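**Q** Could you have a look at this structure, given as structure tokens, before my questions?
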Amino acid sequence: MKEYRTINKIAGPLLFVERTEPIGYGELVNIILFDGSVKRGQVLDTSDELVVVQVFESTAGIGRDSGVRFTGETIKMPVGREMLGRILSGGGKPIDGGPEILPEKRLDITGAAINPYARASPNEFIQTGISTIDGTNTLVRGQKLPIFSGAGLPHNTIALQIARQAKVLGAKEEFAVVFAAMGITKEEANYFMQDFERTGALERAVVFLNLADDPAVERIITPRLALTTAEYLAFDLGMHVLVILTDMTNYCEALRQIGAAREEVPGRRGYPGYMYTDLASIYERAGLIKGRKGSITQFPILTMPGDDITHPIPDLTGYITEGQIVVSRDLHRKGIYPPINVLPSLSRLMNLGIGAKHTREDHKKVSDQLYAAYAEGNDLRGLVAIVGKDALSERDRTFLEFADLFENRFVRQGYSEDRTIFNTLDIGWDLLSTLPVEQLVRIDRDLINKYHPKFRNEQKKE
Amino acid sequence: MEVKDKKSKETKQGMLKRIAGPVVTAVNLDAHMYDVVKVGREELMGEVIKIQGDNTIIQVYEDTSGIRPGEPVSNTGLSLAVELGPGLLTSIYDGIQRPLSVLVDKMGDFIQRGVSAPGLSHEKKWAFKPLVKTGDKVQGGSIIGEVQETNIVHKVMLPPNAKPGSVKTIKGGEYTVEETVCILDDGREFPMMQRWPVRVPRPVKEKLNPIIPLITGQRILDGLFPIAKGGTAAIPGPFGSGKTVTQQQLAKWSDAEIVVYIGCGERGNEMTEVLTEFPHLEDPKTGKPLMERTVLIANTSNMPVAAREASVYTGITIAEYFRDMGYDVSLMADSTSRWAEAMREISSRLEEMPGEEGYPAYLAARLSEFYERAGLVKTLNGGDGSVSVIGAVSPPGGDFSEPVTQNTLRIVKVFWALDAKLSQRRHFPSINWLNSYSLYLDSLHDWYDKEVSPEWNKLRSWAMEVLQKEAELQEIVQLVGSDALPEAEQVTIEVARMIREVFLQQNAYDAVDTFCSMKKQYDMMKAIRMYADLAYAAQVAGVPPTQINAVKSKNELPQIKFIKDYKPALDKIGKDMDAEFNALRSAA
Ligand SMILES: Nc1ncnc2c1ncn2[C@@H]1O[C@H](COP(=O)(O)OP(=O)(O)OP(=O)(O)O)[C@@H](O)[C@H]1O
Ligand SMILES: [Mg+2]
């Protein structure tokens, strides 16, 4: 392989290499430093005059005297069953002191798009044991459901609780966890690792760690390596894979950094105009394929800068993912765990995974009614602050009280409290029974007669 | 899509000079704007989008990884076109009309590149029935025969640009789409299939003014903000506010004869959902599976952006083709913002001077050209057909002041404004009744008068007034509480709540409520009006609002939504309300 020493310019993570033979777009590039160490990069732009290379590591030590080797192929990831239980760097190198991975296959990390015609519709209910998810924002196997959080909120604890408790009722199948850390602190990473070790999940996990002090540009490939691994485990080996990506905000910052280095016209708040497409190439790598056993369920975690849900990172994510779980600072301040605010939260695939066939016939209507009542009670809080409780009508007062009850009994639960879906729905009915029955306009009469505690008990008495 | 080599036109080969993602530069190529070219040794499909000296700039519809400078580029001399003929219905295509089912057969579950597949099957035989005979005069657009494609009859037409002539031979029988079915006197031969360049609108005789609503079965749309057949509507909203669900509801229940649904840069699973659900759903009008009238275009967010840019044109061209047969077609594009972003991405790679928020300066022009292809028309063959276009818009941060929303609103006649505040409280469809509008109300007035009831238009305006009034009253309530309102206005608040909760809220996932006939909409609104009249009368007679609002029978009204044969239940509620109010008034 020919080595060029024609680097002409280095700007941020980009190298500009001159006078090469024809180089392929997207090729993997090795950069050889004077001490013999090798860094990796990828071709972003190629012409007969100039090749632009994006380096995935720090450019420290690279100079005009460094050698550049074009490998003639796009970036591949060696994958194999042996990866389970291993810890790799954000660039895919083992960092747990173990041996190199013996690859069964080498796969392109960009990953081709799943043909929509080949997809199977996700419809299997995953019980996470958390009421605000199972009851009102149900997760379905094959879904991509991010956690929108803020700095200092317990999103990691929630993610771990989900990873620990998530199960498909009545099924015993091979599962795996792929965990990709991008720019999180060592301390946060340890928090995850210790929990994985304690629960034995590590044996079934593949961990990719790009920590806060690792090169930012490496974060561009970390999620892609993780998802390539996940696709192999899911679609080649037939496992049900849960992918946790944290923190996508750091990923987007790295994307912005590269855009700036390329002197591109920036989009909103300086993020590149193609960020939607770029994020989609990550988030869309989830789902089920007809005729294949496995599945990929994605849990990206992101911290909203300034808790602002309209910031481009949560905004573009929300436009791609199938809903979002929103962690709220207000509830956290009230000391409620998990501080999930159901109002802005959503699971779009919920309807596919609930109902008589999957959970219980009253699920959808109970959830709708809980939302409507909580939203109404929550609005009244604002009013009470101005006019006082006494100015409220009788009806409004019951809704106001409902909102408090909802937060304290439905939302609040323990770190390891694993509620069944039936338990969750029954709590829901208990709360709804504090409202006048004619206010339950979202629920059909038949269901009220069957499940409402008042009528339920009456039926029993007879 | 397949572009046949026209050997005569094939010119000297060019050579790739630069590759930067989906945009590549070739030199030495004889090309015209929008010619389809084959790029690299793998012959990836691309389209010429800029010519600068000897440099031809090409957008490539497939992934360009691994392609090197120096590889060949050849020009087909044709523009990007779709194949039109029997076989379109029930298909699912990518943005450049490659059937996704064929791609699965050819290259497996993941989309690889370098595979071409014709839009229509060239092998399948269709039973062709002539509708003209030897000696008949025909011209561009003439219907010469038909094929029973699904439960829909596919009219076989001469291409719009065909010169007039008279039929020499035409014979019924089994044909592939490529085989000649009709020969004219001057020797011209026509197969069932025609090709049409997607960026050129198909010609019509005349554009007419729309006067019939597209009935969708969605109360807030049909009842308050109707779109006409041949009309245009935009549905902007932040993520998760209900754009896709609303569009899918329209695809399912609207009384169009043909539906073209474009998933433009959106989720793969949403298209899968349509594919799995539609074959099992029945058209409320014909009782036939909905899939049989549907064409799907799916260029999801992770598929190549250049093909995403093309997907909207592919879809509208197919819609126009069915319109030319005399059908009412409705086209949904979810989401036009992703289409605009594809334009932006390509434009920025061309290093064009950006306009507002980085979008190209021609954004507004492209949007209006697209929506102009909607309309109720007199077709070349003298029939009536229509294309209604409903575009979803995904404004960043839900902020409607951004360029795509604003430029769209300047063109479309109906605005369904989605509101995150409503969706958060699960008020669906979360269309804001104060901000939305329909400019078709006047032209559809007569239709509602005749087909629904002479009362309808009045009921509609009444409901809008109550909702307006409520908004004003709510501002006061926020300051002083509802008990401080005058008594009549406390009744108004309750009536408005009923309009919202009974009429406007509609659950797309309830087996019955998902579709509401115009008759039922009218009956429901009438019942609310009846309550209002009784309530105001009681209030005037001195009954206190707390007692009025406590009337039990009205609480049964929301249940009407979930009942299929609602008439007996609704009549009973009417009687009960009467009785309850009578009792109240006599007590007062
Ligand atoms: N008419 C409706 N009835 C019941 N539920 C609805 C209705 N409309 C929307 N929803 C609910 O809202 C969710 C989000 O709707 P939808 O997917 O249409 O949003 P969207 O505006 O298309 O978002 P995005 O821009 O992210 O694609 C749905 O999954 C569904 O739960
Ligand atoms: Mg959508």
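**Q** From B:L557, B:L570, B:L534, which residue is over 30 Å from the mean Cα position of the chain (by Cα), farther than 22 Å from B:K469 by Cβ and open to solvent by less than 60 Å² (accessible area, probe 1.4 Å)?
**A** On inspection, the qualifying residue turns out to be B:L570.
**Q** Which of (1) within 25 Å of B:F428 (Cα to Cα); (2) part of a strand (DSSP E or B); (3) away from ligand 2 (no atom under 16 Å from the Cβ) is the odd one out, the single condition B:K285 does not satisfy?
**A** (2)
**Q** So is B:K125 over 24 Å from B:V82 (Cβ atoms) and in contact (Cβ under 8 Å) with a residue 40 or more places away in the chain or not?
**A** no
**Q** On to the next question. Answer yes or no: is there a residue in the stretch B:262-269 that is closer than 26 Å to B:V153 by Cβ and crowded, with 24+ Cβ neighbours inside 10 Å.
**A** yes
**Q** Now for a separate question. Filter the stretch B:237-282 down to the residues that are within 12 Å of ligand 2 (Cβ to nearest atom), of a type in the set (D, E, K, R) and in a helix (DSSP H, G or I) and list them by number.
**A** Result: B:K243, B:E270, B:E273.
**Q** Is there a residue in the stretch B:68-86 that is under 30 Å from the mean Cα position of the chain (by Cα) and over 30 Å from B:L29 (Cα atoms)?
**A** For the stretch B:68-86, residues under 30 Å from the mean Cα position of the chain (by Cα) and over 30 Å from B:L29 (Cα atoms): present.
Residues are listed down the side, and each one gets a yes or a no for (1) modelled with pLDDT under 90; (2) closer than 30 Å to B:P304 by Cα:
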position	(1), (2)
A:F70	no, yes
A:I101	yes, no
A:D108	no, yes
A:G111	yes, yes
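**Q** Would you mind stating whether B:P69 is facing another protein chain (nearest Cβ under 9 Å) and buried (at least 22 other Cβ atoms within 10 Å of the Cβ)?
**A** Values: facing another protein chain (nearest Cβ under 9 Å): yes; buried (at least 22 other Cβ atoms within 10 Å of the Cβ): yes.
Judged against the criteria, B:P69 is a match.
**Q** Taking B:A234 and the conditions (1) within 15 Å of ligand 2 (Cβ to nearest atom); (2) in contact (Cβ under 8 Å) with a residue 40 or more places away in the chain; (3) part of a helix (DSSP H, G or I); (4) touching a Ser or Thr at 6+ places or on another chain (Cβ under 9 Å), which numbered condition does it fall short on, given that it satisfies the others?
**A** (3)
**Q** Here's a follow-up. Looking only at the stretch A:316-369, which residues are more than 21 Å from B:F428 (Cα to Cα) and acidic (D, E)?
**A** A:D330
**Q** Look at the stretch B:406-428 and say how many of its residues are more than 14 Å from chain A (Cβ to nearest Cβ) and in contact with a Ser or Thr (Cβ under 9 Å, 6 or more places away or on another chain).
**A** Looking only at that region, the number is 10.
Rundown of residues vs (1) basic (K, R); (2) open to solvent by 20 Å² or more (accessible area, probe 1.4 Å); (3) more than 9 Å from chain B (Cβ to nearest Cβ), yes/no style:
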site: A:I340; (1), (2), (3): no, no, yes
site: A:H358; (1), (2), (3): no, yes, yes
site: A:E394; (1), (2), (3): no, yes, no
site: A:R397; (1), (2), (3): yes, yes, yes
site: A:L400; (1), (2), (3): no, no, yes
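**Q** Here's something else I'd like to know. Would you mind telling me which numbered condition in (1) within 14 Å of chain A (Cβ to nearest Cβ); (2) away from ligand 2 (no atom under 15 Å from the Cβ); (3) under 20 Å from B:L84 (Cβ atoms); (4) surrounded by 24 or more Cβ atoms within 10 Å (Cβ to Cβ) B:E320 fails?
**A** (1)
**Q** Mind checking which residues of the stretch B:482-497 are in a helix (DSSP H, G or I) and aliphatic (A, V, I, L, M)?
**A** Within the stretch B:482-497, B:A484, B:A488, B:V491, B:I493, B:V495, B:A496 qualify.
**Q** Now, a different point. Being over 20 Å from B:L80 (Cβ atoms), in contact with an Asp or Glu (Cβ under 9 Å, 6 or more places away or on another chain), open to solvent by 10 Å² or more (accessible area, probe 1.4 Å) and within 16 Å of ligand 1 (Cβ to nearest atom) narrows it down to one residue among B:G391, B:G326, B:G397; which is it?
**A** Every option except B:G397 fails the conditions.
**Q** Something else now. Just name the residue that is most open to solvent (accessible area, probe 1.4 Å) out of those in the stretch B:341-350 that are part of a helix (DSSP H, G or I) and either more than 10 Å from chain A (Cβ to nearest Cβ) or polar (S, T, N, Q) (or both).
**A** Ranking the candidates gives B:S348 first.
**Q** Name the residues in the stretch A:304-323 that are closer than 21 Å to A:I184 by Cβ and crowded, with 24+ Cβ neighbours inside 10 Å, would you?
**A** Result: A:I313, A:P314, A:L316, A:T317, A:T321.
**Q** Give me the residue from the stretch A:307-338 that is part of a helix (DSSP H, G or I) and touching a Leu at 6+ places or on another chain (Cβ under 8 Å) and, out of that set, nearest to the other protein chains (Cβ to nearest Cβ).
**A** Ranking the candidates gives A:I320 first.
**Q** Considering every residue within the stretch B:339-351, establish whether at least one is within 16 Å of ligand 2 (Cβ to nearest atom) and either within 24 Å of B:N161 (Cα to Cα) or hydrophobic (A, V, I, L, M, F, W, C) (or both).
**A** yes
**Q** Is at least one residue of the stretch B:487-496 more than 19 Å from B:P545 (Cα to Cα), within 14 Å of chain A (Cβ to nearest Cβ) and open to solvent by 40 Å² or more (accessible area, probe 1.4 Å)?
**A** no
**Q** Pick from the stretch A:274-294 the residues that are hydroxyl-bearing (S, T, Y) and modelled with pLDDT under 95: which of them is nearest to A:A226 (Cα to Cα)? Let's see the steps before the verdict.
**A** The initial filter retains those residues of the stretch A:274-294 that are hydroxyl-bearing (S, T, Y), namely A:274, A:276-277, A:281, A:283.
Applying the additional criterion that residues be modelled with pLDDT under 95 yields A:274, A:276-277, A:281.
Values: A:Y274: 22, A:Y276: 20, A:T277: 19, A:S281: 13 Å.
Looking at residues that are hydroxyl-bearing (S, T, Y) and modelled with pLDDT under 95, I get A:S281.
**Q** Among the residues of the stretch B:420-429, which ones are open to solvent by 30 Å² or more (accessible area, probe 1.4 Å), within 11 Å of ligand 1 (Cβ to nearest atom) and farther than 11 Å from A:Y371 by Cα?
**A** B:A420, B:F428, listed by residue number.
**Q** Need pairs with beta-carbon distance below 6 Å; first residue farther than 24 Å from A:P122 by Cα and within the stretch A:241-254, second of a type in the set (G, A, S) and open to solvent by 10 Å² or more (accessible area, probe 1.4 Å); sequence gap 6+ or separate chains.
**A** Filtered contacts from the stretch A:241-254: A:N250/A:G183; A:A254/A:A216.
**Q** Which of the numbered conditions does B:N432 fail, given that it passes all the others? Conditions: (1) away from ligand 1 (no atom under 16 Å from the Cβ); (2) surrounded by fewer than 21 Cβ atoms within 10 Å (Cβ to Cβ); (3) more than 14 Å from every other protein chain (Cβ to nearest Cβ).
**A** (1)
**Q** Please determine whether any residue of the stretch B:504-521 is within 28 Å of B:P210 (Cβ to Cβ), within 16 Å of ligand 1 (Cβ to nearest atom), more than 14 Å from chain A (Cβ to nearest Cβ) and open to solvent by less than 60 Å² (accessible area, probe 1.4 Å).
**A** The answer is yes, given that some residue of the stretch B:504-521 is within 28 Å of B:P210 (Cβ to Cβ), within 16 Å of ligand 1 (Cβ to nearest atom), more than 14 Å from chain A (Cβ to nearest Cβ) and open to solvent by less than 60 Å² (accessible area, probe 1.4 Å).
**Q** If you don't mind, another one. Name the single residue, out of those in the stretch B:323-340 being facing another protein chain (nearest Cβ under 9 Å) and in a helix (DSSP H, G or I), that is nearest to B:A20 (Cα to Cα).
**A** Of everything passing the filter in the stretch B:323-340, B:R338 is nearest to B:A20 (Cα to Cα).
**Q** Here is a list of conditions, (1) within 16 Å of ligand 1 (Cβ to nearest atom); (2) within 13 Å of chain A (Cβ to nearest Cβ); (3) farther than 21 Å from B:V60 by Cβ, and B:M353 meets all of them except one; can you say which number that is?
**A** Condition (1) is where B:M353 drops out.
**Q** From the list A:G238, A:G142, A:G152, exactly one residue is in a loop (DSSP other than H, G, I, E, B) and farther than 27 Å from A:M275 by Cβ. Which is it?
**A** Going through A:G238, A:G142, A:G152 in turn, the sole match is A:G238.
**Q** For the stretch A:268-282, indicate whether the set of residues that are assigned to a strand (DSSP E or B) and more than 16 Å from ligand 2 (Cβ to nearest atom) is non-empty.
**A** Taking every residue of the stretch A:268-282 in turn, at least one turns out to be assigned to a strand (DSSP E or B) and more than 16 Å from ligand 2 (Cβ to nearest atom).
The values are calculated or read from the model by the stated rules, or taken from the named source; none is laboratory data. Fair warning: this is a prediction, and the values are worked out from it, not measured in the lab. Using ideal geometry, Cβ is built from the backbone for each residue, glycine included, and neighbour counts are taken over all protein chains shown. The accessibility values were calculated without ligands, DNA or RNA, using every heavy atom of the protein model including side chains. Shrake-Rupley method; radii C 1.70, N 1.55, O 1.52, S 1.80 Å.
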